[in-house]
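The values are calculated or read from the model by the stated rules, or taken from the named source; none is laboratory data. Since the model is a prediction, treat every value here as computed from it, not as a measurement. With ideal geometry, Cβ positions are generated from the backbone for all residues, glycine too; neighbour counts draw on all protein chains shown. With ligands, DNA and RNA removed, areas are computed over all heavy atoms of the protein, side chains included. Shrake-Rupley method; radii C 1.70, N 1.55, O 1.52, S 1.80 Å.
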Amino acid sequence: MNEEQKKAYKKKYKEAKQEGVRFWPHIIYKDLLMSFAIFLLLVGLATFVGIPLEPKADPSDSSYIPRPEWYFLFLFEFLKFIPGQLEWVGTVVIPGLAIVALFLLPFYDKSQVRFWKKRKIGISIMGVIVLAMVGLTVRAVATTPEMEETTVASSVREQVVQGEDLYSVHCVECHGPDGEGGEIQGVEGLEGVTVKSISSRDEMYTRSDETLAAITNYGQQDLGMPPYGLAYGGPLTKAEIEAIVAFMRYTWDDRIELPPEAVIATLPAWEEGFVPSYEVEISRIVKRNCFSCHRPGKDDNNNYLMGSYEEILTTGDNVENNLIPGDLNSYVYQTITGNPILDPDTGEVLIHQMPLTKLMKEDYIKMFEAWILNDMPETVEEAEALMATPTPTPEPTTEEATEEPATEPTITPEG
Amino acid sequence: MENAFKWLDERLGLNEIYAEVLDRQVPKVNWWFTLGSASLFLAIMQGVTGIFLTIYYVPSPDHAYDSINYIMNGVQFGWLIRGIHHWGASLLVVTVFIHLLRVFFYGAYKYPREFTWVTGVVLFLLTLGMGFTGYLLPWNQRSFWATMVGTEIAGTAPGVGGFILRVLRGGTDLSAVTLARFFSMHIWILPAVAMLTVGTHLYLVIRLGISHIPGEDE
């Protein structure tokens, strides 16, 4: 560039300034207005959109699909078009060159032409690059598979609830619904093994959260407990194990009290005339005491799934007998009261007492009794409507009565 | 009051600053020219909210996630501070990038503003760097795996890749050391460099004046 061109530019700029405005207040006013609009936008985004909840980092969970921040997505997507052995060209050379080209722009584009129509080549190149970046970003967003809906506990309450659910699925079979332990039955490879209580003071007072999490993660492999953490080939993420530990701590450690807002109502004691509903009482009892075996992917449960109201009424090999409205000969009631179902011809045990190791609390059994006698209401409203009318009296049938004496005294409550 | 101002002006040169910085004639421009100051505003917001966040944030793998949970649920207006910081980061990238495109479109990087452009590109890269280092700090699944992949990409550089990867991560694995490094980069090193560069950038903008919108004959 020569002195003449510099002079020409300065002259033009001076003219533009003369037709211009004062920086204060004209420009400042516009700037402030823009900044204020942006501020409102930020507060709006923070208030109404918020920040998506994500589970805690878990180095062992490599199933997670990595997604960079959105403004790096185009680069991420661009790399997919680069063949493997040339990866470094896409990751280092091209971005590197782009950055250098950006830095040196004023030094290789020395022409003093500024109006866009006269710079068609430059504007087109930049336009194509920007469009490609936008296009790649859109493509990346469109092709990224949806993340599996993971539950993230954001409060102690949610964590304890999640922990209870996970405990019910993964731990109850061996450790019992209340961590009481005892002799394991119906678990392959651990049949007859006796497990000590994990809900006792001895356990709770002497094991820190870290220890409990480590045990769940690694297992107690010499004693027969398999690892549950993803790091050791188990099914649970770190966040899930922490939820189980929180559930154990807040449920069994009598030194710890749940913060008031986190307290989950315990089931009320059984009272005469009360009609339980599926959605409140029965589902909770079932979750803790039955679901561990009666869920998809488990063997030896006669295909009886107990995950929902629908399932509990319509699945299983003995679906027509499992729950009969108003009839305590229902298999479910018979087995939870300690009466195995026998083959009428051979006398062979078809269905053992349930749960296998120890019968449930008397209150829970009473709940089931009232629920079945009142034709298994699903919602609280239905149950409350029934409570207004008197409970029908049980009518034992003679057919079932003949089977009952055959019951072997195999029940050993409280171990 | 007037005396106090006079006393200060005599020593600080307030009137001179006013004349040099605020009371100047500039070309008439459009709304696209507000994006530079909008970026500055967002950067200041990031600084202010970021400083508030460091009061409760703990840069260790054991506590980072929980400390952010506490900011979101336990601290008064913590959700707002973090919300502004979170969204401000994305918005800053947008405003800086559009600002860059505007400068390109009007040919404002040409004489005499070549060096202003260079400092601007540095600021653009610093913004991306702040985004990259800040992304890891919440220590959640998303940030962990994005950083895993991001540092792996840096590690593909021929020859020096392994070295760069180890420097970024502070070892071969993404660990507590990585978090400490990213935190330090995010709150000390990059902001310090950014402040110096913003200062230079602004000095040049004031010294050379805002570019004008070129006419058809230019």
Report task. Enumerate the helices (runs of 4 or more DSSP H) found wholly within the range B:155-218, keeping only those where 3 or more residues are of a type in the set (Gly, Ala, Ser), more than 13 Å from chain A (Cβ to nearest Cβ) and open to solvent by less than 70 Å² (accessible area, probe 1.4 Å). Result -> B:190-208
Report summary line: Within the range B:83-117, residues more than 7 Å from chain A (Cβ to nearest Cβ) and either touching a strand residue (DSSP E or B) at 6+ places or on another chain (Cβ under 6 Å) or buried (at least 20 other Cβ atoms within 10 Å of the Cβ) (or both) come out as B:HIS85, B:ALA89, B:LEU92, B:THR95, B:VAL96, B:HIS99, B:LEU100, B:VAL103, B:ALA108, B:ARG113, B:THR116
Query raised in the report: Quick check, is A:ALA16 more than 8 Å from chain B (Cβ to nearest Cβ) and part of a helix (DSSP H, G or I)?
Result: no
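Quick check: is even one residue across the range A:79-86 under 31 Å from the mean Cα position of the chain (by Cα) and outside the structural domain of A:ILE256 (by TED's automatic domain parsing)?
There is at least one residue in the range A:79-86 that is under 31 Å from the mean Cα position of the chain (by Cα) and outside the structural domain of A:ILE256 (by TED's automatic domain parsing).
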Requested in this report: Output the qualifying pairs, or none if there are none: Cβ atoms under 7 angstrom, residues six or more apart or on different chains, first residue in the range A:116-133 and more than 7 Å from chain B (Cβ to nearest Cβ), second residue in a helix (DSSP H, G or I) and exposed (fewer than 10 other Cβ atoms within 10 Å of the Cβ).
Outcome: none
Report task. Could you tell me whether the range B:32-48 includes any residue that is part of a helix (DSSP H, G or I), under 26 Å from B:ALA176 (Cα atoms) and open to solvent by less than 40 Å² (accessible area, probe 1.4 Å)? Result -> yes
Query raised in the report: Which number in (1) among the hydroxyl-bearing types (Ser, Thr, Tyr); (2) more than 9 Å from every other protein chain (Cβ to nearest Cβ); (3) surrounded by 13 or more Cβ atoms within 10 Å (Cβ to Cβ) marks the one condition that A:TYR29 misses?
Result: (3)
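Rundown of residues vs (1) open to solvent by less than 40 Å² (accessible area, probe 1.4 Å); (2) part of a strand (DSSP E or B); (3) modelled with pLDDT under 85; (4) within 23 Å of A:GLU191 (Cβ to Cβ), yes/no style:
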{"site": "A:LYS287", "(1), (2), (3), (4)": "no, no, yes, no"}
{"site": "A:THR346", "(1), (2), (3), (4)": "no, no, yes, no"}
{"site": "A:PRO355", "(1), (2), (3), (4)": "yes, no, yes, yes"}
{"site": "A:ALA383", "(1), (2), (3), (4)": "yes, no, yes, no"}
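Residue by residue, here is whether (1) more than 27 Å from B:LEU128 (Cβ to Cβ); (2) under 49 Å from the mean Cα position of the chain (by Cα) holds:
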site	(1), (2)
A:ILE94	no, yes
A:LEU97	no, yes
A:LEU102	no, yes
A:LEU105	no, no
A:GLN112	yes, no
A:ARG119	no, no
A:ALA132	no, yes
A:VAL161	yes, yes
Report task. State the number of residues belonging to the range A:68-81 that are open to solvent by 40 Å² or more (accessible area, probe 1.4 Å) and either at the interface with chain B (Cβ under 7 Å from one of its Cβ atoms) or aromatic (Phe, Trp, Tyr) (or both). Result -> 6
Requested in this report: For B:GLY120, indicate whether it is within 22 Å of A:PHE107 (Cα to Cα), more than 8 Å from chain A (Cβ to nearest Cβ), of a type in the set (Gly, Ala, Ser) and part of a helix (DSSP H, G or I).
Outcome: yes
Query raised in the report: Tally time: how many residues in the range A:353-378 are touching a residue at least 60 places away in the same chain (Cβ under 8 Å) and within 16 Å of A:ASN302 (Cα to Cα)?
Result: 3
Query raised in the report: Name the pairs: first residue in the range B:1-20 and farther than 19 Å from B:ARG207 by Cβ, second residue modelled with pLDDT of 90 or more and in a helix (DSSP H, G or I), Cβ to Cβ under 6 Å, at least 6 apart or on different chains?
Result: B:ASP9/B:ASN15
Requested in this report: Could you check, for the range A:206-214, whether at least one of its residues is touching a strand residue (DSSP E or B) at 6+ places or on another chain (Cβ under 9 Å), open to solvent by less than 30 Å² (accessible area, probe 1.4 Å), modelled with pLDDT of 85 or more and more than 30 Å from B:GLY107 (Cα to Cα)?
Outcome: yes
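Conditions tested, residue by residue: (1) touching a Pro at 6+ places or on another chain (Cβ under 6 Å); (2) buried (at least 16 other Cβ atoms within 10 Å of the Cβ); (3) hydrophobic (A, V, I, L, M, F, W, C).
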residue	(1), (2), (3)
A:LEU104	no, no, yes
A:SER124	no, no, no
A:VAL128	no, no, yes
A:ALA153	no, yes, yes
A:GLY181	no, yes, no
Report task. State whether one or more residues within the range A:221-242 are at pLDDT 90 or above, open to solvent by less than 60 Å² (accessible area, probe 1.4 Å) and in a helix (DSSP H, G or I). Result -> yes
Report summary line: Checked the range A:243-254 for anything open to solvent by 50 Å² or more (accessible area, probe 1.4 Å) and closer than 22 Å to B:TYR65 by Cβ; matches are A:TYR250
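Name the residue that is nearest to B:ALA194 (Cα to Cα), counting only residues in the range B:1-56 that are more than 12 Å from every other protein chain (Cβ to nearest Cβ) and charged (D, E, K, R).
So, considering only residues that are more than 12 Å from every other protein chain (Cβ to nearest Cβ) and charged (D, E, K, R), the one nearest to B:ALA194 (Cα to Cα) is B:GLU16.
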Report task. Take the range A:19-66 and flag every residue that is assigned to a strand (DSSP E or B) and under 30 Å from B:SER211 (Cβ atoms). Result -> A:VAL21, A:ARG22
Report summary line: With criteria (1) without any contact (Cβ under 8 Å) to a residue 60 or more places away in the chain; (2) more than 21 Å from A:LYS110 (Cβ to Cβ); (3) at the interface with chain A (Cβ under 9 Å from one of its Cβ atoms); (4) open to solvent by less than 20 Å² (accessible area, probe 1.4 Å), B:TRP139 comes up short on (1)
